[in-house]
Every structure is written in C-alpha cells, then in structure tokens.
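Below is one structure, written out as structure tokens; the observations come after it.
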Amino acid sequence: MTATNGRQSLKDLLSSRRVIVCCGSGGVGKTTTSAALAMRAALEGKRAIVITIDPAKRLATSLGLKALSPSPTDLTENVNDVLRAQGEKPLAGKFYAVMPDTTQTFEHFVRSIAGKDETLAKRVLHTSIYKIFAKEYSGTNEYMAMEKLYVLYRERDFDLIVLDTPPAANTRAFLDAPKLLAGFFDDSILKWFIAPGSRFLASGVRKLSEILERLTGSGFVSDLIEFTTALFELRAQFMENLTAVSKLLHQSDVSFLMVTSPERLSKADTQDFVRLLGESGFRFWGFVVNRVLGRRLGLLEDTAPDVAALERGLAGATPETLRTLRAAFDQLKPRLEHEREAARFLAGLAGRATQVALVPEQTTDVHSVGALLGVSRQLD
Amino acid sequence: MTASWLDRKLIVISGKGGVGKTTVAQAAARALAARGRRTLLIHVLQLGEEEQKIERLAPNLWTVTLRSEDCFREYIIMKLKLKTLYTAFLSNKVTKYLEKAAPGVREIVLLGKVWFERENYDHVVVDMPSTGYALTMIHTPFNFAALFPGGPIYHDAKDMIATFSDPKQTAFVTVSLAEEMPIQESLELAEELRKLMPGNPSFLVMNRLTRVSADARELHARKWAKLTEGERASPLWRGLDYLVNREAKEAQFLSSLRHAWEPFSLSKGPPGKTWLEIDEMGAGDESRRAETIAEALR
C-alpha cells in the first residue's frame with residue numbers, strides 16, 4: 001500500500017469520513033473491497049455498515065448467510081467467531097451489511113416514489129410498456145442504493161457507511177443514474193404530451209406519435225403515453241428525493257473512490273470517470289487496485305524485474321531448477337508488464353490529492369470471513 | 001443439431017465484462033475467414049463505450065461497429081422510405097425523447113440490423129455487450145412480438161425470433177473464465193436464453209485458462225515444502241507457486257462445474273467435451289487463438 005508523505009492513507013480516510021462510495025466496473029472486486037473497508041473500520045472501533053447490491057450472493061455466502069437482508073444486519077459475531085479462532089481480539093467496533101431490495105427494480109422504484117398513492121403506482125405499472133421497461137431499466141438499482149444510503153445517513157446509527165455501487169459496465173454509471181432517471185421527469189418535454197390542464201394529447205405530438213406508430217403498431221404509442229403521463233405525476237417527489245441525495249453526496253464527510261484491477265482497467269473509462277467526478281464537485285480519494293500480481297510476488301511496480309539478479313539470489317538452485325523457474329516467470333511477464341503500465345497510468349492521472357492503493361492478488365478466492373479479514377488488513 | 005457452433009450462420013457471443021468476448025469473437029471470425037467463408041464481425045457498442053475502429057482483419061473478413069442511434073436512423077429511412085420525413089421526424093425534441101424513452105426500440109432495431117446482415121455473408125459473428133445488456137437486447141423481439149401486434153417492428157420481431165430459435169441458423173455462445181463470478185453470469189444468461197428459446201441451448205467457452213509445464217508442476221511438488229523462508233520470498237519461486245496453484249484451482253473449479261452441469265441445459269461443446277477451452281495467451285497470439293477454435297470445432 002502506498003501512502004506517500006502528506007497524503008491521506010485509506011486508514012485515515014476510514015477514520016475521517018462518514019460515507020465512502022466505491023465505484024468501478026464489473027469484475028474488479030468492488031463488493032469485496034467495500035466489505036473489507038467496512039470490516040477494517042470495525043477493526044478500528046467504528047460502527048460500520050456496507051450497503052451492497054450482491055445479486056450473485058457471493059458476499060452473503062462469504063459471510064455465512066443465505067442472503068443479505070434489506071434491513072441492516074449485525075454480523076459482528078460472525079466476524080468475531082473467526083477472529084477468536086485465529087487467536088485475535090474481537091472487533092472493537094461493529095460490522096453490519098445491508099442489501100437494498102431491488103428484486104423488481106422499476107416497480108419498487110415507482111412504489112418508493114409514489115409512497116401512499118397506490119392508484120398512481122398502479123396506473124404506471126399496469127401498462128404493457130412497463131413490462132419491457134421493468135427489465136433492469138438503467139438507473140433504478142443506483143437509485144435504490146442512493147436512497148438506502150440517504151436513509152441510513154439520516155438515522156445516524158453508523159459511524160461509517162461504505163456504499164458498494166451496483167454492478168455496471170462502466171464506472172460512471174452511478175453518477176449518470178440520477179440524470180437518466182430525471183430524463184423521464186423532464187418538464188420541458190413532458191408538457192408536450194399533455195395539453196395544459198387536461199390529459200389530452202397536444203396535437204403536434206399526435207402527428208409524431210402516428211409516425212412512430214407506423215413502426216411499432218398501434219398499442220405501443222398509446223401505452224407509452226399513458227405510462228409517461230402517469231410517471232409525470234410522480235416527478236415532484238422524485239426530484240425532491242434526488243436533490244436531497246445529491247446534497248448528501250456533496251458533503252465534506254463523503255468521499256468517492258474507484259476500485260479497479262490491472263486486467264480490467266480501461267483508460268478511457270477511468271479518465272471519463274475522474275473528469276466527471278471533478279465536474280460534479282464530488283470528493284475523490286483515489287484508486288484501489290485489486291489483484292496486483294507484482295505485489296504478491298514481492299516486486300516493485302515501477303521497474304521491470306531483473307531476472308538475472310533474481311537468479312543469482314538463489315545460490316543453491318541447480319541450473320535445471322533455475323531454467324524451470326525462469327520459464328514459469330516468463331509466462332507471467334506480459335501480465336507484470338501490463339501491471340506496471342497500469343500503475344504508471346494511474347499515477348500520471350492522479351492529481352495532487354489522489355491516492356493509488358495496490359492490493360496483492362490473493363492466494364485464495366475471497367470467499368470467507370477469514371479471507372475478507374485478510375484483505376481488510378491489507379488496506380492501509 | 002449441427003456438430004459445431006462454428007458452422008452456424010449467426011454466432012452471438014456474450015459473457016461477463018472482462019472475460020475476453022472480443023478476442024473470442026475475433027478468433028472465431030478469423031477461423032471462419034481462414035476456411036474461406038465470407039464473414040462479418042459485428043462489434044456492438046456498450047453504453048458509454050468509445051467507438052473503436054476495427055481494421056479489416058484478413059481476407060474474407062469484414063468488421064463493423066454498431067451503435068444503436070445509427071441503426072434507428074437507418075431503420076426508419078428503410079421502413080418509411082422518406083428521408084425528409086425522417087429528418088423532420090427525428091430532429092424533433094419530442095421524438096428524440098420518445099426514441100430514448102420508448103423502451104426496447106433502439107435495442108430491437110440494432111438486433112434487427114445484425115439479423116439482416118446474415119443475408120449478405122456466409123457468417124455473421126456478433127461481439128455483444130456483457131450479459132445483462134445482451135439479455136435485455138435479446139429479450140426485445142420477444143417483448144414486441146408478445147405485446148404490440150401490428151407494424152413493421154412486430155413482423156421483423158417474429159422473423160428474428162424464428163432465426164434465433166433455430167439451432168441450424170444461430171448459435172449463442174457465452175464466454176467465461178474458470179472463476180465463480182463469470183461462470184455464474186454465463187450460466188444465468190444461458191438459463192434465461194433457454195427459457196426464451198428452449199430448442200437452441202447456448203454454448204460455453206472457457207477462456208484464458210492457466211497452463212503450466214509438467215516440469216514446473218513437478219518442481220513445485222518436489223521442492224516448495226522444503227524451501228527456506230528466504231527462498232520462498234524470491235519472486236521466482238513465488239511466481240512458480242502462483243502459476244501451479246492457479247492451474248490446480250482452475251482444474252478443481254472446472255471439475256466441480258462438470259457435476260453441476262445438467263440443470264443448465266447447455267449444448268455440448270467440442271466432441272466429448274462440455275465446453276471449449278482456450279489457454280491464456282498474449283496479445284500477439286490472435287492467429288494461434290483462432291487455430292485453437294478452428295481445431296476444436298472442426
């Protein structure tokens with residue numbers, strides 16, 4: 001773990017923030033890192049919780065559960081059992097986990113905004129359009145995660161909340177979600193659909209709908225309009241929620257970090273995310289880079305390994321042994337080279353206050369409390 | 001059912017992000033082109049992905065990058081046969097909103113383009129987005145066919161479904177690594193596709209498998225336990241240890257998977273195998289990767 005002079009280490013981050021938002025694309029170990037961060041804070045004496053969307057239930061399995069619950073679950077004892085077995089002190093703090101209910105994402109989203117207005121929710125949900133729409137519509141998982149964060153933050157039960165952002169193809173997805181959803185509630189566009197004071201269609205729209213109808217058949221457009229109109233009535237509540245969450249994410253006790261891995265690092269995606277984060281005025285801590293093989297092998301990430309010198313270090317080895325070792329090492333060289341290149345890129349991208357934390361490739365899959373504890377101890 | 005997915009007209013490739021879908025799609029397309037088959041490789045852009053220019057890779061091999069906005073435009077011009085109408089239609093703010101908000105329209109149009117191109121080539125290999133969005137895309141013709149009868153989109157949707165469901169014409173291939181998360185996504189994708197198209201189960205490719213020489217395995221077995229602290233700290237020994245363990249772990253994972261196979265109703269891979277295996281290779285090994293696929297699926 002690198003903590004250059006004057007820079008804030010992960011450990012310092014954990015003690016000085018109330019919220020840490022972990023972003024990153026799929027398959028980089030984001031959920032593991034998020035859980036390990038919360039566990040680390042618990043080791044340091046905090047009441048910590050990880051909010052995660054863990055559809056594969058891998059974290060749940062690791063923690064010895066069938067599934068994570070949508071209400072905060074105290075897992076301190078699960079961790080303590082393992083700590084005791086390792087001959088270590090129990091957690092000085094508390095470790096909780098929670099998984100927002102995203103089972104039927106869009107329906108849940110609509111119901112959560114509609115609140116007590118059952119009829120309105122039903123009007124949105126009865127259309128055929130909804131059946132297409134409901135399939136993982138972009139942004140809804142993110143919204144549910146944000147809302148869970150907001151509620152937990154306001155309740156003030158926790159010293160630290162780590163938010164594992166929902167799985168997405170690109171890192172910026174979490175930041176884009178509010179805008180995507182807000183697009184459906186855009187007054188300037190929606191008013192075209194509805195003549196003032198009534199629910200009749202504005203005439204210009206009718207013409208345009210006729211054209212779209214020529215492509216899609218008659219049911220589609222009328223259904224779309226019914227759906228949109230009903231959705232329109234939910235806009236005030238939605239906008240209010242969104243403003244509140246956005247205000248929270250901009251607070252000084254909230255930091256963002258990006259989880260990545262050398263093999264999955266996309267330069268364009270990373271640059272895009274960092275730029276957008278800056279533009280949006282969020283606080284960026286830096287990068288957590290998982291699965292760094294060089295770290296596991298005990299190599300520096302900035303210089304190419306001197307294999308001849310490494311061989312000289314093994315004085316007792318026979319020439320055959322050295323030959324086999326060298327051949328195996330050669331197999332790893334492209335990956336190591338790629339890692340150095342990735343580390344250079346991130347260091348070059350990192351601004352004055354930005355950190356790069358490198359986590360070694362783990363010996364075993366992180367599939368148990370013990371393994372999670374192992375990772376959390378490596379986060380410094 | 002035909003012997004190998006490489007023989008099918010339309011080869012649709014997906015999998016979890018980062019498993020090497022693009023390299024597998026390219027290798028499959030190369031293998032086909034090398035057999036003298038006119039092949040089109042389509043790279044479907046993921047949301048937010050930057051456009052990449054793919055060069056013409058080899059004789060008989062053409063590539064194109066698809067973006068949903070462009071397909072929508074093309075489709076409207078084709079179906080409504082009026083360019084001026086299209087411009088008036090699309091430049092309107094409201095229509096832009098409709099296009100964005102009308103769920104599935106972009107996806108079905110993009111898929112329609114893929115489907116349409118099969119007429120122009122011997123084979124079309126599609127490098128799809130990762131599992132979630134790929135599934136959403138493949139769902140769209142089924143949704144439109146079921147929910148909105150009438151109109152050109154409905155009729156195209158019906159035709160697309162017929163092509164996709166036919167194991168003589170279309171192969172769905174899911175790429176994975178010998179790791180839990182990618183395989184879980186692959187199996188979920190295969191299961192969802194099986195629900196849509198019971199007669200055309202997916203194929204599986206295990207990509208980037210670790211292979212260690214017998215010498216290396218033997219050396220590790222003989223010496224590792226007896227090494228001193230200092231020797232074990234050497235990156236050379238640690239590298240060997242990593243490779244040997246990784247290979248063993250993958251092998252163990254794959255054998256546990258073999259037992260869990262039946263419920264997922266996937267198609268058998270190469271003769272006598274459940275899936276196609278491709279070893280970890282460097283970036284410069286495109287032709288060797290293509291040969292592996294061609295050889296295994298001959």
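Since every read-out is calculated from the coordinates, none of them should be taken as a lab result. Given the structure is predicted, the values throughout are model-derived calculations rather than measurements. Methodologically, a virtual Cβ is constructed for each residue, glycine included, from the backbone with ideal geometry; neighbour enumeration extends over all protein chains shown.
Take the Cβ-Cβ distance between A:K66 and A:A327 as r, set R0 to 41 Å, and report the resulting FRET efficiency rounded to the nearest 0.05.
Numbers: r = 45 Å, r/R0 = 1.10.
With R0 = 41 Å, the Cβ-Cβ based efficiency is 0.35.
Pairs B:K21/B:K168; B:K9/B:K249; B:K249/B:K273: which are spaced more than 29 Å apart, C-alpha to C-alpha? Please report the intermediate quantities before stating the final value.
Values: B:K21/B:K168 23 Å; B:K9/B:K249 36 Å; B:K249/B:K273 20 Å.
In this structure, B:K9/B:K249 exceed 29 Å between Cα atoms.
Ratio of alpha-carbon Rg to the 2.2 N^0.38 Å globular estimate for chain A, to two decimals, please. Could the numbers behind the result be given before it?
Working: Rg = 24.8 Å, N = 380, 2.2 N^0.38 = 21.0 Å.
Rg over 2.2 N^0.38 Å, computed on Cα atoms: 1.18.
Take chain A, connect every pair of alpha-carbon atoms lying under 10 Å apart with a spring to form a Gaussian network, then pick out the residue of A:G139, A:G64, A:G219 with the largest mean-square fluctuation.
Evaluated over chain A, the most mobile residue of the options is A:G219.
So which residue, out of A:P360, A:P334, A:P319, gets the largest mean-square fluctuation from a GNM of chain A using Cα contacts under 10 Å as springs?
A:P319
Using DSSP, restrict attention to beta bridges with both residues in region A:10-377 and report what percent are antiparallel, rounded to the nearest 5.
Values: 2 of 30 bridges.
The answer is about 5 percent antiparallel.
For the pairs A:K30/B:K113; A:K122/B:K158; A:K57/A:K267; A:K30/A:K94; B:K113/B:K195; A:K30/B:K195, flag any whose C-alpha to C-alpha distance is greater than 26 Å.
Result: A:K30/B:K113; A:K122/B:K158; A:K57/A:K267; A:K30/B:K195 exceed 26 Å.
State, to one decimal in nm, how far the label point of B:H155 lies from the label point of A:A85, with both points 7 Å from Cα in the Cβ direction.
Here the answer is 6.5 nm between the modelled labels.
If you line up the long axis of helix A:173-182 against the longest principal axis of chain A, both from Cα atoms, how many degrees apart are they, to the nearest 10?
Approximately 10 degrees, to the nearest 10.
Using the Karplus equation 6.51 cos²θ - 1.76 cosθ + 1.60 (θ = phi - 60°), what ³J(HN,Hα) coupling, rounded to whole Hz, does each residue of region A:66-79 give in order, writing x for Gly and Pro?
6, 7, 8, 9, x, 10, x, 10, 7, 10, 3, 5, 4, 6
On a 0 to 90° scale, report how tilted helix A:235-249 is relative to the longest principal axis of chain A, with both axes built from alpha carbons and the result rounded to the nearest 10.
20 degrees
How big is the charge dipole of region A:10-377 about its Cα centre, in debye rounded to the nearest 20, if each Lys and Arg gets +1 on its Cβ and each Asp and Glu gets -1 on its Cβ?
On the way: 47 positive and 43 negative charges, 46 e Å.
The calculated dipole for region A:10-377 is roughly 220 debye.
What list of ³J(HN,Hα) couplings, whole Hz, do you get for region A:322-328 from phi and the Karplus terms 6.51, -1.76, 1.60, once you set θ to phi - 60° and write x for glycine and proline?
Rounded to whole hertz, the list is 4, 4, 5, 4, 5, 4, 5.
Quick one: helix A:105-114 against the long Cα principal axis of chain A, what's the angle to the nearest 10°, folded into 0 to 90?
60 degrees
If you take the charge dipole of chain A about its Cα centre, with +1 on Lys and Arg Cβ and -1 on Asp and Glu Cβ, which of A:M146, A:T229, A:L314 is farthest toward its positive end?
Most positive-ward Cα: A:M146.
For A:D253 and A:A309, compute 0.36 nm times the residue count separating them, minus their Cα-Cα distance, and round to one decimal in nm.
Working: separation 56, 0.36 × 56 = 20.16 nm, distance 4.73 nm.
That works out to 15.4 nm of additional length.
Write down the Kirkwood hydrodynamic radius of region A:245-380, to one decimal in angstroms, obtained as one divided by the mean of 1/r over all alpha carbon pairs. It would help to have the intermediate numbers written out before the result.
On the way: mean 1/r = 0.0578 Å⁻¹.
Every distinct Cα pair counted, the radius reaches 17.3 Å.
Suppose only helical runs count, i.e. DSSP H with n ≥ 4. What mean residue ellipticity at 222 nm does that imply for chain A under -39500 (n - 2.57) per run, divided by all residues and rounded to the nearest 500 deg cm²/dmol?
Details: 18 runs with 202 residues, N = 380.
Using -39500 (n - 2.57) per qualifying helix, the result is -16000 deg cm²/dmol.
Explain nothing, just the number: relative contact order of region A:203-351, from Cα pairs under 8 Å at least 6 residues apart, as a whole percent. Spell out each step's value before the answer.
Details: 79 pairs, mean separation 33.6, N = 149.
23 percent.
Just to be sure I understand: with springs between alpha-carbon atoms less than 10 Å apart, which residue in A:G370, A:G93, A:G217 has the highest mean-square fluctuation in the Gaussian network model of chain A?
Looking only at A:G370, A:G93, A:G217, the largest GNM fluctuation is found for A:G217.
Between A:L276 and A:E77, how high is the FRET efficiency from 1/(1 + (r/R0)^6) when r is the Cβ-Cβ distance and R₀ = 35 Å? Nearest 0.05. Could the numbers behind the result be given before it?
Values: r = 40 Å, r/R0 = 1.15.
Efficiency, rounded to the nearest 0.05: 0.30.
According to a simple spin-label model (label point 7 Å from Cα along Cα-to-Cβ), what is the distance in nm between A:H338 and B:E119?
Inter-label distance under the simple model: 4.1 nm.
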